[in-house]
Amino acid sequence: MAESRNEPVVVIGLGRFGGALAVELASRGTEVLGIDGDPKATQSLSGQLPHLATADATDLEALRQLGVGDFHRAVVGIGTDIQASILATSLLSELGVADIWAKAISRQHGRILERIGAHHVILPEHDMGERVAHLLSGRLLDYVEVDRDFAMVKTTPPQDAVSVPLRESRVRSRYGVTVVAVKSEAHGAKARFTYATPDTVLMYGDIVLVIGRINDVERFAEAG
């Protein structure tokens, strides 16, 4: 059986979000069918996606004719037209698509999408807003929330974590976080992230990837 990442994907709605997603998937070797009701949207991607269709994604018969029901995975990238987003998601569920991803513009919109069959709801504007807020309000170099109260951050180590092996620094007991990787400043421009071990010694200027509860990783970063 082919790995799921190689299975074809249908992307409905080829605006900024859906179009970028479809092109990125195609560049990674995934077969993509892009669908949009606006001919300008499909034409703009004609040189980047081999499979494009101008069709009404709220029309069940149109989706059937395009073979959408044969796809295991689908993404509804429609954003501003909430009614079309809801109808398209509902039709994908009716067609039996097993893995439906849908973009939402609000949490309420997202809850509706989940109720009618979306397995994954994406809130790109909300998620980016939260990420930027965390970056602006602290010493974080990057921030990725992996669950409601869990995140991975890129930051620099605090003073009490440098010059000693990680096992001796007691980072986990002090801060409740785990250092999973480090990029050593000593390697200069050639520095690359490597997995951290109990014997890893952090130095000033190193960049670390740390995972833990949001409050804990932020406390770790602020202690630097």
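The values are calculated or read from the model by the stated rules, or taken from the named source; none is laboratory data. Just so we're clear, the structure is a prediction, and the values are computed from it rather than from any experiment. A quick note on method: Cβ atoms are made from the backbone with ideal geometry, for glycine too, and the neighbour counts reach across all protein chains shown. Only protein heavy atoms, including side chains, enter the accessible area calculation; ligands, DNA and RNA are left aside. Shrake-Rupley method; radii C 1.70, N 1.55, O 1.52, S 1.80 Å.
Across region 181-224, what is the number of residues that are more than 15 Å from Val144 (Cβ to Cβ), open to solvent by less than 20 Å² (accessible area, probe 1.4 Å) and among the aliphatic types (A, V, I, L, M)?
Final tally of qualifying residues: 3.
What's the number of the only condition in (1) within 22 Å of Gly110 (Cβ to Cβ); (2) in contact with a Gly (Cβ under 7 Å, 6 or more places away or on another chain) that Leu49 fails to meet?
Here Leu49 clears every test but (1).
Yes or no, residue by residue, for (1) under 30 Å from Ala88 (Cα atoms); (2) assigned to a strand (DSSP E or B):
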| position | (1), (2) |
| --- | --- |
| Asp127 | yes, no |
| Gly138 | no, no |
| Ala151 | no, yes |
| Arg172 | no, no |
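Of all residues in region 150-180, how many are touching a helix residue (DSSP H, G or I) at 6+ places or on another chain (Cβ under 6 Å), in contact (Cβ under 8 Å) with a residue 60 or more places away in the chain and surrounded by fewer than 16 Cβ atoms within 10 Å (Cβ to Cβ)?
Final tally of qualifying residues: 0.
Hey, among the residues in region 140-149 that are surrounded by 12 or more Cβ atoms within 10 Å (Cβ to Cβ) and not in a strand (DSSP E or B), which one's modelled with the lowest pLDDT?
Residue satisfying both the conditions and the ranking: Leu140.
Go through region 78-87 and count every residue that is open to solvent by less than 40 Å² (accessible area, probe 1.4 Å) and either at pLDDT 95 or above or on the phi > 0 side of the Ramachandran plot (or both).
2
Just to be sure before I move on: is Asp142 free of Cβ contacts under 8 Å to residues at least 40 places away in the same chain and of a type in the set (Asp, Glu) in the structure I sent? Outline the logic, then answer.
On the way: free of Cβ contacts under 8 Å to residues at least 40 places away in the same chain: yes; of a type in the set (Asp, Glu): yes.
When the stated conditions are applied, Asp142 passes them.
Of the numbered conditions (1) open to solvent by 40 Å² or more (accessible area, probe 1.4 Å); (2) at pLDDT 85 or above; (3) at negative phi, Glu130 satisfies every one except a single condition; which is it?
(2)
Being of a type in the set (Gly, Ala, Ser) and modelled with pLDDT of 95 or more is the filter here, so list the residues in region 45-68 that pass it.
Within region 45-68, Ala53, Ala55, Ala57, Ala62, Gly67 meet the criteria.
Could you give every pair whose Cβ atoms fall below 7 Å, whose first residue belongs to region 92-121 and is over 17 Å from His72 (Cα atoms), and whose second residue is part of a strand (DSSP E or B) and open to solvent by less than 60 Å² (accessible area, probe 1.4 Å), counting only separations of at least 6 or pairs across chains?
Cβ pairs passing all conditions: Lys103/Val76; Lys103/Ile122; Ala104/Val121; Ala104/Ile122; Gly110/Val121; Leu113/Ala102; Leu113/Val121; Glu114/Val121.
Quick check, is Pro39 of a type outside the set (S, T, N, Q), open to solvent by 20 Å² or more (accessible area, probe 1.4 Å) and at pLDDT 95 or above?
Values: of a type outside the set (S, T, N, Q): yes; open to solvent by 20 Å² or more (accessible area, probe 1.4 Å): yes; at pLDDT 95 or above: yes.
Yes: the conditions hold for Pro39.
In region 22-33, is there at least one residue being open to solvent by less than 40 Å² (accessible area, probe 1.4 Å), at pLDDT 95 or above and among the hydroxyl-bearing types (Ser, Thr, Tyr)?
no
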